[in-house]
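Student: Take a look at this one; I'll ask things after.
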Amino acid sequence: EYNAVLFDLDGTLVDTAPDMVAVLHLLQQEYGLDPAPYELARSNVSNGAIGLLRVGFPDLEIGFGDEMHQQYLERYAEMICEESRVFDGLIELLDQLEDMGCPWGIVTNKPEHLTRPLLAALKLADRSACIVSGDTLSVRKPDPAPLLLACDMIGVDPETSIYIGDAGRDIEAGQRAGMATIAAAYGYITEDDDPREWDADVIATTTEELTQIVLNAVNLDD
């Protein structure tokens, strides 16, 4: 029934938390602050640099493009893939999708100047059928436009495509695009957030579960 699979990046396909939290801790250290607890910071990684900075510097009003935001992005660009890894089992899932002739791609809110070097370092950039970053268009998820663009780039209908993400905005974007949605509940989810409330078509609590769901859903009769 489904013939394309699109992934969110951070917290869904790639565990980027080790590097992203390390940059936060580096900045906190420079400002004489104690490091934020790792699990608290990790759960906010899907909210990007701004989300992390708000955890690490709760007393500051931090907005997009602020000096602190720029400092974070510059540091992160320097150590984009020191400890980041594809989540266990998902390289094998990508292998299987490719063997089945099923294209897969990335739709992320991460800016392109960070997305592409990360995917290149993980040797995924040339394998993915499309890469849509947070600044590819003038809008980002939860707007469905990036997902619709990705389907267009691959040449598939949204109705026969699956989108996987670890945040409510991912599932909302997928639903608004008319795609099937899978919530990656193993990803970066804050304690006051509940994937069951996102109304995804399916929830995957582990990467093993995700693999089974995706392989069962993808059309084998092409």
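The values are calculated or read from the model by the stated rules, or taken from the named source; none is laboratory data. Keep in mind it's a predicted model, so treat the numbers as computed, not measured. So basically every Cβ, Gly included, is an ideal-geometry build from the backbone, and we count neighbours across all protein chains shown.
Student: Restricting the first residue to region 158-171 and requiring it to be within 15 Å of Tyr186 (Cα to Cα), which pairs with a second residue that is at pLDDT 95 or above and part of a helix (DSSP H, G or I) meet a Cβ separation below 6 Å and a spacing of at least six or different chains?
Tutor: Once the first residue is within 15 Å of Tyr186 (Cα to Cα) and sits in region 158-171, its partners that are at pLDDT 95 or above and part of a helix (DSSP H, G or I) give Gly168/Trp198; Ile171/Trp198.
Student: Just to be sure before I move on: is Asp199 farther than 18 Å from Asp15 by Cα, charged (D, E, K, R) and without any contact (Cβ under 8 Å) to a residue 24 or more places away in the chain in the structure I sent?
Tutor: Judged against the criteria, Asp199 is not a match.
Student: Now for a different question. Looking at Phe7, Phe64, can you tell me which residue is farther than 29 Å from Leu93 by Cα and among the aromatic types (Phe, Trp, Tyr)?
Tutor: Just one listed residue meets the conditions, Phe64.
Student: Just a yes or no: is a residue in region 95-105 within 20 Å of Val132 (Cα to Cα) and within 16 Å of the chain's Cα centre (by Cα)?
Tutor: yes
Student: Go through region 11-33 and give me each residue that's part of a loop (DSSP other than H, G, I, E, B) and either touching a Pro at 6+ places or on another chain (Cβ under 8 Å) or over 19 Å from Thr108 (Cβ atoms) (or both).
Tutor: Scanning region 11-33 gives Tyr31, Gly32, Leu33.
Student: To continue, here is another question. Among the residues of region 96-116, which ones are farther than 16 Å from Ile80 by Cα and either outside any helix (DSSP H, G or I) or among the aromatic types (Phe, Trp, Tyr) (or both)?
Tutor: Met100, Gly101, Cys102, Pro103, Trp104, Gly105, Ile106, Val107
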